[in-house]
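Data block below; observations after.
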């Protein structure tokens, strides 16, 4: 991490804290502007929230893991833009962007895993729950997916794989796992609303859970990278 972008108290320089505040402002503005839909400016507001998180990750964590984190956030922001522009016509584009973002998270979490992997009983239980969840979700939704069956089932597999690798990584804080769970719950709510039963006002849950999930993943990974670097330098 660059010494110019990190301080000894919060872990972020003043400029990065300003970027985080601006990101949160975009996210809150998008939520509050939902009743104005359709509104052309929403695509910039929605895309800007997670894009600024990607900028912060790039500035703060300057190693390979940090670059992977920034890339995952950038791809997620691109998915936000696609789904905002045309949620029907560009659905596959948005799904593809988020799919690759999850795969980048998988790469990141595997990179940060302990060597050798020594899974605890709690970790094994969480992995089993992710597997059960993925199988149950796929089986439940399969009859309703139509032409989107294959891409959606692949996506369901990948989000559960992201959750599993998050557990395997054995982070020293709970933020990353909590963020991953929120991200997965947001994706699930979106899928249920689109393919199963439309839910009035579901956007009021989908967007906050998604944005907060991304924020927690970023915060937790940066904290983990900082702690590991400080631990290795102290040896």
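Only the coordinates and a few stated rules stand behind these numbers; no lab work does. Note that the structure is predicted; figures quoted are calculated from it, not measured. Cβ placement follows ideal geometry from the backbone for every residue including glycine, while neighbour counts extend to all protein chains displayed.
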What are the radius of gyration and Dmax of segment 92-228, computed over its Cα atoms and given in Å? 15.2, 47
Multiply the residue gap between residue 37 and residue 226 by 0.36 nm, knock off their C-alpha separation, and tell me the result in nm, one decimal place. 64.0 nm
The extension gain from residue 185 to residue 103, computed as 0.36 nm times the residue separation minus the Cα-Cα distance, is 27.8 nm
Using only DSSP helix segments of four residues or longer, with each worth -39500 (n - 2.57), what per-residue ellipticity at 222 nm results for the chain after dividing by its residue count and rounding to 500? -25500 deg cm²/dmol
Report the extension gain between residue 154 and residue 28 in nm, rounded to one decimal, defined as 0.36 nm multiplied by the number of residues separating them, less their alpha carbon distance. 42.3 nm
Förster radius 30 Å - calculated FRET efficiency between residue 147 and residue 120 (Cβ-Cβ, nearest 0.05): 0.10
Using a Förster distance of 35 Å, the FRET efficiency for residue 67-residue 91 (Cβ separation, nearest 0.05): 0.80
Just to be sure I understand: if I project the alpha-carbon convex hull of segment 45-156 onto a plane and average over all orientations, what area do I get in nm²? 8.6
For the residue 44, residue 15 Cβ pair and Förster radius 25 Å, calculated FRET efficiency rounded to 0.05 is 0.70
The correct pair for the chain, radius of gyration to one decimal and Dmax as a whole number, both in Å and from Cα atoms, is 17.9, 56
Rg/Rg_ref, segment 18-110, where Rg_ref = 2.2 N^0.38 Å and atoms are Cα: 1.11
Most fluctuating of 94, 163, 25 in the GNM of the chain (C-alpha, under 10 Å) is 25
Using only alpha carbon pairs under 8 Å that are at least six residues apart, calculate the relative contact order of the chain and give it in whole percent. 18
How far apart, in nanometres, would the label points at residue 129 and residue 202 be if each is projected 7 angstrom from Cα along the Cα-to-Cβ direction? 2.3
